[in-house]
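Quick notes on the structure that follows.
The values are calculated or read from the model by the stated rules, or taken from the named source; none is laboratory data. These figures come from a predicted structure and were not determined experimentally. Every residue, glycine among them, receives a Cβ derived from its backbone with ideal geometry; neighbour counts consider all protein chains shown.
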Amino acid sequence: MEVSERIAALRKLMEQNGIDYYVVPTADYHQSEYVGEHFKAREWITGFTGSAGTAIIAMNEAGLWTDGRYFIAAAQQLEGSGVDLFKMGEPGVPTIVEFLNDKVQKGQTIGYDGRTVSMGDGLVYEDIAKSHEGAIKYDVDLIDELWTDRPELSKEPAFHLESKYSGEDTASKLKRLREKMSNLNTDTHVLTSLDDICWLLNIRGNDIDFFPMVLTYAVVTMDQVELFIDETKLNDEINADFEKNNVNIHPYNDVYEFVKSFDASTSLLADPVRMNYALIKNISEKTAITKEVNPTVIFKAVKNETEIKNMKQAQIKDGVAHTKYMYWLKHEVGKTKITELSATDKLVALRKEQEGYIRQSFAPITAYGEHGAIVHYSASEETDIEVKKGSFLLSDTGAGFYEGSTDITRTFALGEVSDELKRHYTITLRSNIQLDKAVFLQGVNGTNLDVLARMPFWRENLNYNHGTGHGVGYLLNIHEGPSGFRWQYRPGESHELVEGMVLTNEPGVYIQDSHGVRLENELLVIKDVKNEYGQFLKFETMSYVPFDIDAINVDMLLEEEKEWLNDYHALVNKLIAPHLTTEEQAWLKEITKPI
């Protein structure tokens, strides 16, 4: 079926179920960023493949809301589908809430699969319906009735993350969580976010795209953990650790009945952003609920010494693979036919040569020429183009190793490129350096610092329509809260920067129908001087891949920026060269020499 036919079929089901507006988010039952094949309902109904977006289907119109990363890609994929693109954050574009408030008529019904909608969003939809004397219908998965060849839920096995990788055993993590629960005067905590549960119990799996996690729910009390999971995924090592920590196993979907047992004697801690709406609706109104962010969110964001040491080792492995990739590109372009897809495959192959490689850590972006202007472009058989001399190749990719996950972006000049391309590359490099060099007092958050990265762009009346950086999980979500760099305040994404946090630094510039540039390193928050003014913090760079000197206009760099670049390249050469061939070593020495 074409998208238009699918939407027509959905409208018939909506009419049969008395639903006027049907909401289809990009989510599984755990509010995951990436989802397994079974949960790609929004992609199935709209044809839009990006990792973020919400569709609303009404009887006479359909819309998709997504952010600036996907404006160009979404416009292309939605063309002719009958689904209108709503560019989130753009002037004059209504939010989902504004759209529904304006469109919903008296007595109408808003429907959705409540398992895929967060508690917070579900309550907002409920309020909208009530304000129009209408109703909510959250217990229908209409897409499932239409999607006849829908993939089954994952049956992939889970694995235990040993303490040599995690740096903290399950017992210690549970103790910290229960202390926080006690401080909040709660005795029961429902966890539905996969990264929080996998971090807490030191398990990983293969149930969703890219992020190595397991489909599961957890209810933590002061002496037990009730875990809802397909037990066939568990091995002896995991089961032994669970038995030691009083973790009891239940079938995956039984959580919805289990929470009905909560009553007035239960003091429940629940995260409204990370718990789904259907689950909260199954909990008795007599239950006292404390709505707070999961304590594990900040716990896992602050990496321990073992995790930091491991993550640096993962970055060296990734730096070796990526430097070999850069060498290959520079020497083979124009000699061997290279396309976006074959270039992606080459980088994956080089990463697989590194010990401890597990998988890619997110959907790879290999974008040549004008495709680089599409912020989250994903090459396909239909869009794949040849990589040639004369323009930029933007590579934003990552790898998952047992030592941690990586996220690295480099833009390569292939052959001679124009002065305009070099100007944009150098502005982006200056932006990256300015944020990297930041020194700041404890208590500062990423919103305070984002302007450092944007100033080189703003002085040129340029900007990029995405955040400057995000937190990075340890073999979990590559995009991890609660901290990040962005110039606009967002609730839940502006936590103060704390020693041990790892964040990306990835400014860029995108010129539609021409080219794109993005340069990304990972940064570790570390302590600096402490004096009468307080504790100062700074960043340590944790990515070890050369910047492309062929793309830099050296005359645009300040002396302090040249010094930073020379120091960084000396570090890259020191860490990466021992793992290269003689020819690669000579080349790396040349491209990292002081400027």
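Somewhere in segment 311-320, is a residue modelled with pLDDT of 95 or more and within 23 Å of LEU201 (Cβ to Cβ)? Yes, because at least one residue in segment 311-320 is modelled with pLDDT of 95 or more and within 23 Å of LEU201 (Cβ to Cβ). For segment 215-248, the set of residues classified as hydrophobic (A, V, I, L, M, F, W, C) and on the phi > 0 side of the Ramachandran plot is empty. Has segment 210-217 got any residue that is in the same structural domain as THR186 (by TED's automatic domain parsing), out of contact with any Lys or Arg (no Cβ under 8 Å at 6 or more places or on another chain) and modelled with pLDDT under 95? Yes, segment 210-217 contains a residue that is in the same structural domain as THR186 (by TED's automatic domain parsing), out of contact with any Lys or Arg (no Cβ under 8 Å at 6 or more places or on another chain) and modelled with pLDDT under 95.
Going by what's in this entry, would GLU540 be described as touching a residue at least 60 places away in the same chain (Cβ under 8 Å) and among the acidic types (Asp, Glu)? Before you say what the answer is, go through the steps one by one.
Numbers: touching a residue at least 60 places away in the same chain (Cβ under 8 Å): no; among the acidic types (Asp, Glu): yes.
Answer is no for this residue.
With respect to (1) at pLDDT 95 or above; (2) out of contact with any Phe, Trp or Tyr (no Cβ under 6 Å at 6 or more places or on another chain), the lone exception for VAL255 is condition (2).
Pull up segment 287-312, narrow it to residues that are of a type in the set (Val, Ile, Thr) and in a helix (DSSP H, G or I), then point me to the one that is nearest to ASP345 (Cα to Cα). Talk me through it step by step, then tell me what you get.
Of the residues in segment 287-312, the ones of a type in the set (Val, Ile, Thr) are 287, 289-290, 293, 296-298, 302, 306, 308.
This time we only want the ones that are in a helix (DSSP H, G or I), so: 296-298, 306, 308.
Values: THR296: 36, VAL297: 34, ILE298: 35, THR306: 31, ILE308: 29 Å.
So the residue we want is ILE308.
Residues checked against (1) over 11 Å from TYR217 (Cα atoms); (2) not small (Gly, Ala, Ser):
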site	(1), (2)
TYR256	no, yes
SER261	yes, no
SER265	yes, no
LEU269	yes, yes
PRO272	yes, yes
ILE280	yes, yes
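The residue that is nearest to the chain's Cα centre (by Cα), among those in segment 218-233 that are over 15 Å from LYS175 (Cα atoms) and assigned to a loop (DSSP other than H, G, I, E, B), is ILE229.
Within segment 110-136, if we keep just the residues that are among the charged types (D, E, K, R) and crowded, with 20+ Cβ neighbours inside 10 Å, the residue that is modelled with the lowest pLDDT turns out to be ASP121. Of the residues contained in segment 293-312, one or more are found to be touching a residue at least 60 places away in the same chain (Cβ under 8 Å), assigned by TED's automatic domain parsing to the domain that holds GLY492, among the charged types (D, E, K, R) and farther than 22 Å from LYS180 by Cβ.
Checking each residue in segment 262-281 for being under 22 Å from ARG115 (Cβ atoms), not in a strand (DSSP E or B) and not charged (D, E, K, R) picks out PHE262, THR266, PRO272, VAL273, MET275, TYR277, ALA278, LEU279, ILE280. Residues being out of contact with any strand residue (DSSP E or B) (no Cβ under 8 Å at 6 or more places or on another chain), aliphatic (A, V, I, L, M), farther than 14 Å from VAL297 by Cα and not assigned by TED's automatic domain parsing to the domain that holds ASP196 are entirely absent from segment 457-476. Select, from GLU37, GLU98, GLU61, the only residue that is among the charged types (D, E, K, R), closer than 24 Å to GLY114 by Cβ and touching a residue at least 60 places away in the same chain (Cβ under 8 Å). The unique qualifying residue is GLU37. Residues in segment 299-339 that are among the β-branched types (Val, Ile, Thr) and touching a strand residue (DSSP E or B) at 6+ places or on another chain (Cβ under 8 Å) were compared, and the one that is farthest from ILE197 (Cα to Cα) is VAL333.
The rows are residues; the columns are (1) touching a helix residue (DSSP H, G or I) at 6+ places or on another chain (Cβ under 8 Å); (2) more than 25 Å from ASP209 (Cβ to Cβ).
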residue	(1), (2)
ASN310	yes, no
ILE316	yes, yes
LEU329	yes, yes
THR366	yes, no
TYR377	yes, no
LEU394	yes, no
THR397	yes, no
GLU403	yes, no
THR409	no, no
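Listed by first and then second residue, the pairs linking a residue in segment 144-156 that is more than 13 Å from THR232 (Cβ to Cβ) to a residue that is of a type in the set (Ser, Thr, Tyr) and outside any loop (DSSP other than H, G, I, E, B), with Cβ atoms under 7 Å apart and 6 or more places separating them unless they lie on different chains, form an empty list. The set of residues in segment 557-595 that are within 24 Å of GLU332 (Cβ to Cβ) and of a type in the set (Phe, Trp, Tyr) contains only TRP587.
Conditions (1) assigned by TED's automatic domain parsing to the domain that holds ILE96; (2) hydroxyl-bearing (Ser, Thr, Tyr), marked per residue:
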site	(1), (2)
VAL117	yes, no
LYS137	yes, no
LEU142	yes, no
MET181	no, no
SER193	no, yes
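Of everything in segment 531-547 that is of a type outside the set (A, V, I, L, M, F, W, C) and in a strand (DSSP E or B), the residue that is nearest to ALA438 (Cα to Cα) is LYS538.
Restricting the search to segment 478-494, which residues are touching a helix residue (DSSP H, G or I) at 6+ places or on another chain (Cβ under 7 Å) and either touching a residue at least 60 places away in the same chain (Cβ under 8 Å) or among the aliphatic types (A, V, I, L, M) (or both)? Walk me through it before giving the result.
Going through segment 478-494, the residues touching a helix residue (DSSP H, G or I) at 6+ places or on another chain (Cβ under 7 Å) turn out to be 480-487, 489, 494.
Residues satisfying the conditions are GLU480, GLY481, PRO482, SER483.
Taking segment 336-371, which residues are at pLDDT 95 or above and charged (D, E, K, R)? Correct list: LYS337, GLU340, ASP345, LYS346, ARG351, LYS352, GLU353, GLU355, GLU370. Applying the criterion of being within 25 Å of the chain's Cα centre (by Cα) and farther than 22 Å from ILE45 by Cα to the residues of segment 62-92, the residue that is modelled with the lowest pLDDT is GLY89.
Kindly evaluate SER284 against the criterion of being assigned to a helix (DSSP H, G or I), outside the structural domain of LEU123 (by TED's automatic domain parsing) and of a type in the set (S, T, N, Q). Judged against the criteria, SER284 is not a match.
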